[in-house]
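The values are calculated or read from the model by the stated rules, or taken from the named source; none is laboratory data. Since the structure is predicted, the reported quantities are computational estimates derived from the model, not experimental observations. Virtual Cβ from ideal backbone geometry, glycine too; neighbours counted across all protein chains shown. Ligands, DNA and RNA are excluded from the accessible area calculation, which covers all protein heavy atoms including side chains. Shrake-Rupley method; radii C 1.70, N 1.55, O 1.52, S 1.80 Å.
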Amino acid sequence: MDSFTIRASSLGELTDCPARWEAKYLLGMRLPSSTAAHLGTSIHAGTAAFDAARLNGSPITVMDAIGPMIDTLHDKTAEVDWRDGDWTPKEAEKVSIKLLNGYCQNVAPHFEYSGVEVTCEALEVTMPNGVTITLTGTTDRIYRVGEQ
C-alpha cells in the first residue's frame, strides 16, 4: 500500500490503540454503536439541519429539525446496541427531542455561523517510508467571531 486516505478525526484512535484503529479503519470491522453515541449522532443531525437552514437564510422550526434527528435515531441500517444503555428507542426519542429543543432555543441563537458541516480540504502527508497519507474530514461548525 503506497497511499491511503483516512479521516483526521481518527488519528486519536490510531495513537490510542493502533490495532483497534487498523481493525476499524483499514479492515472495516465495526462494533454496534452504544445507545449514548447513537443518541448524540441523532441530535447532531437535528442541530446541523437547524443551523444550516439559519445559515442559508431559510430558518426552520425546532419541529422541522426534529425530522432529521428522528430519521437518524430510527435508521434501520444503523447498528446500535440498545441493551447497553438506559433507554429504549422510544425513551431515547423523548430525551433527544428535549435536548434538541434546548439547543435550538437556548444555544444556537447565541452563535453566528459561517459554515455548517464544512468539508475540509484534503491534506497529503508523505511519510519517511514513502507512504502517502491523505487526511480528510469535516468540521461541524465554523463560528463567526468579531467583524468579518
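For region 96-110, the criterion of being out of contact with any strand residue (DSSP E or B) (no Cβ under 7 Å at 6 or more places or on another chain), surrounded by fewer than 16 Cβ atoms within 10 Å (Cβ to Cβ), at pLDDT 90 or above and under 30 Å from ARG30 (Cα atoms) is satisfied by at least one residue. On the given criteria, is ARG54 out of contact with any strand residue (DSSP E or B) (no Cβ under 8 Å at 6 or more places or on another chain) and charged (D, E, K, R)? Spelling it out, it is not the case that ARG54 is out of contact with any strand residue (DSSP E or B) (no Cβ under 8 Å at 6 or more places or on another chain) and charged (D, E, K, R). Selection of region 49-63 for residues being open to solvent by 70 Å² or more (accessible area, probe 1.4 Å), closer than 12 Å to VAL116 by Cβ and without any contact (Cβ under 8 Å) to a residue 40 or more places away in the chain yields only ASN56. Search region 27-48 for residues being out of contact with any helix residue (DSSP H, G or I) (no Cβ under 7 Å at 6 or more places or on another chain) and open to solvent by 80 Å² or more (accessible area, probe 1.4 Å), and hand back the single one that is nearest to GLU79 (Cα to Cα). Per the stated criteria, the residue is LEU31. Got a sec? Which of GLU117, GLU124 is of a type in the set (Asp, Glu) and either surrounded by 11 or more Cβ atoms within 10 Å (Cβ to Cβ) or farther than 20 Å from SER9 by Cβ (or both)? None of the other options fit; the residue is GLU117.
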